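So the structure is just underneath, and the comments pick up after that.
The values are calculated or read from the model by the stated rules, or taken from the named source; none is laboratory data. None of the values given here were measured: they were computed from a predicted structure. Backbone-built Cβ (ideal geometry, glycine too); neighbour counts: all protein chains shown. Heavy atoms of the whole protein, side chains included, go into the accessibility calculation; ligands, DNA and RNA do not. Shrake-Rupley method; radii C 1.70, N 1.55, O 1.52, S 1.80 Å.
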Amino acid sequence: MFGIKKHALVATFSLFTLGASVSLAQGLPEHGPLADGKISEVELAGILATAQQQLIRLSDTATDEYQGALLDSEPNEPVAWMLMKDGETVKRLNLDSQVEGMPAAAKISVYRAAFKSVARKGEINAAAILYTGRLSEENETEVLVIEHEHRLGVSGNKVIGYEVEGGDIAWAAPVTQTKPFQWFYDAKEDAS
């Protein structure tokens, strides 16, 4: 059922690998194998493969757990998950008591702020917020949005149309949208 989402995530990383220029030279020691601040294509491919595997683990776990909300008749609320720094453990970010009664957009803002705080302390490798909505005001198609970010510089929104049919979820082809990288690092200011 999740094969199409997994392939779309792989395709996103493939495009990122082909078109990305990455500068990871910040904070490198003056002497050593990375002192020049350059990363070979092989090293970059390894870094991106790690991020890809970890985001797939996070997305699969979060989506599996979120499916129950899609199937019940209650309104769907945003929910957030994080991949811990061990690269294996996925935990739900539980702020239920703090966000109770808030509108969905406010909950998403609270989750983003919480991720920013936890990420900058080095406690997580990746994070995702899942929420639902309509494709547009004119289009009644229901969509699942997976807003995700990884410490290694990968960030995006995966938008997947869905329809509940007889207790099963039918997924449309996912679409990837760019998302500013915000939770782990601040964007560099333009020097102009």
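Quick notes on this one:
- Cα-Cα over 20 Å, subset of Lys116/Lys179; Lys38/Lys158; Lys38/Lys121: Lys38/Lys158; Lys38/Lys121
- Local electrostatic count at Ser109 - Lys and Arg +1, Asp and Glu -1, tallied over other residues with Cβ under 12 Å: +2
- Legend: residues Ile129, Ile47, sorted from most to least accessible area (1.4 Å probe; ligands, DNA and RNA excluded), read Ile47, Ile129.
- Two-decimal log10 I(q)/I(0) for segment 82-172, as the Debye equation yields it once each C-alpha is a single scatterer, q = 0.11, 0.22, 0.24 Å⁻¹: -0.39, -1.15, -1.22
- Set of aspartates and glutamates with alpha-carbon distance to Lys91 below 20 Å, sequence-local pairs under 8 removed: Asp60, Asp64, Glu65, Glu77, Glu100, Glu123, Glu147, Glu149
- Tyr185 versus Ala105: modelled label distance in nm, points set 7 Å from Cα along the beta carbon direction: 3.1
- Length available on full extension from Gln177 to Arg92: 0.36 nm per residue minus the Cα-Cα distance, which gives 28.3 nm.
- Summarising the amide proton neighbourhood of Thr89: residues at separation of 5 or more, or on other chains, whose placed amide H is nearer than 5 Å comprise Met84.
- With every protein chain in place, segment 118-192: carbon and sulfur % of accessible area (1.4 Å): 48
- Couplings 3J(HN,Hα) of segment 175-184, computed from phi: 10, 9, 10, 6, 9, x, 7, 10, 7, 9 Hz, in residue order, whole Hz [Karplus 6.51 cos²θ - 1.76 cosθ + 1.60, θ = phi - 60°; x for Gly and Pro].
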